[in-house]
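Okay, structure first, notes after.
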Amino acid sequence: MKVMGVVGWSGSGKTTLLVALLPLLRARGLSVSTVKHAHHGFDMDRPGKDTYRHREAGAREVLVATATRWALLHEVQGPEPALPELLARLAPVDLVLVEGFKTHPFPKLEVYRPALGKPPIWAEQPEVVAVATDAPITACPHKLLPLNDPEAVAAWMVGFLADQAAVPART
């Protein structure tokens, strides 16, 4: 599977860009999955629901299924899983877009808005290969893309990924 990260500071528009890219990449014939890193705990389950009760009673994994989707809830009993371990759990697709995991080694597109007043990530992360921005930047050594033109970003991404080898799900 090929992996492309979408990284940036909170409030930069990572999710907005990623959501705009998904239908454009699908329209180009790519099957795409996503991985989202959350810095804070989250829970898709609700107290009182059967699956919540299963987990509270000690189930390590709970799989819930319907006719339209299924979800696997896995309780982590140690350090946060590494990205390759998570990728190995996904069904094979042409591309996995990863939001977050900015310190992991895989190609990344940085979403950078100078107006946020935060430093660019590309200066510290050698895996950043392009920057989608909403303002002119002169000191960036990477390909600059118009943040407000998802079609241009998708076209660049498809071209870039065509030249890249697939990332193994396990390392």
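This table checks each residue for (1) of a type in the set (D, E, K, R); (2) touching a strand residue (DSSP E or B) at 6+ places or on another chain (Cβ under 7 Å); (3) at pLDDT 95 or above.
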| site | (1), (2), (3) |
| --- | --- |
| Trp122 | no, yes, no |
| Gln125 | no, yes, no |
| Val131 | no, yes, yes |
| Thr138 | no, no, no |
| Leu147 | no, yes, yes |
| Ala155 | no, no, yes |
| Gly159 | no, no, no |
| Asp163 | yes, no, no |
| Pro168 | no, no, no |
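Flag set for Pro23, criterion: loosely packed, with under 13 Cβ neighbours inside 10 Å, under 26 Å from Leu145 (Cβ atoms) and at pLDDT 85 or above. Restricting attention to the stretch 61-106, the residues that are over 29 Å from Arg46 (Cβ atoms) and of a type in the set (Asp, Glu) add up to 1.
Filtering Lys118, Lys102 for residues that are among the charged types (D, E, K, R), touching a Phe, Trp or Tyr at 6+ places or on another chain (Cβ under 8 Å) and not in a helix (DSSP H, G or I) leaves a single hit, Lys118. I'd like to know if the stretch 72-94 contains one or more residues that are among the hydrophobic types (A, V, I, L, M, F, W, C), touching a strand residue (DSSP E or B) at 6+ places or on another chain (Cβ under 8 Å), under 23 Å from Leu22 (Cα atoms) and at pLDDT below 85. Among the residues of the stretch 72-94, at least one is among the hydrophobic types (A, V, I, L, M, F, W, C), touching a strand residue (DSSP E or B) at 6+ places or on another chain (Cβ under 8 Å), under 23 Å from Leu22 (Cα atoms) and at pLDDT below 85, which makes the answer yes. For the stretch 85-107, a residue qualifies if it is under 10 Å from Gly8 (Cα atoms) and of a type in the set (D, E, K, R), and the qualifying residues are Glu99, Lys102. The C-beta contact set for the stretch 89-112 (first residue more than 16 Å from Ser33 (Cβ to Cβ), second residue polar (S, T, N, Q) and surrounded by 14 or more Cβ atoms within 10 Å (Cβ to Cβ), distance under 8 angstrom, 6+ apart or interchain) comprises Lys102/Gln125; Thr103/Gln125; Lys108/Gln125; Glu110/Gln125; Val111/Ser12; Val111/Thr133; Tyr112/Ser12; Tyr112/Thr133.
Looking across the stretch 83-99, the residues that are assigned to a loop (DSSP other than H, G, I, E, B), surrounded by 13 or more Cβ atoms within 10 Å (Cβ to Cβ) and not β-branched (Val, Ile, Thr) come down to Ala88, Leu90, Asp94.
The values are calculated or read from the model by the stated rules, or taken from the named source; none is laboratory data. None of these values were measured; they are calculated from a predicted model. Glycine gets a Cβ as well: all are built from the backbone with ideal geometry, and neighbour counts include every protein chain shown.
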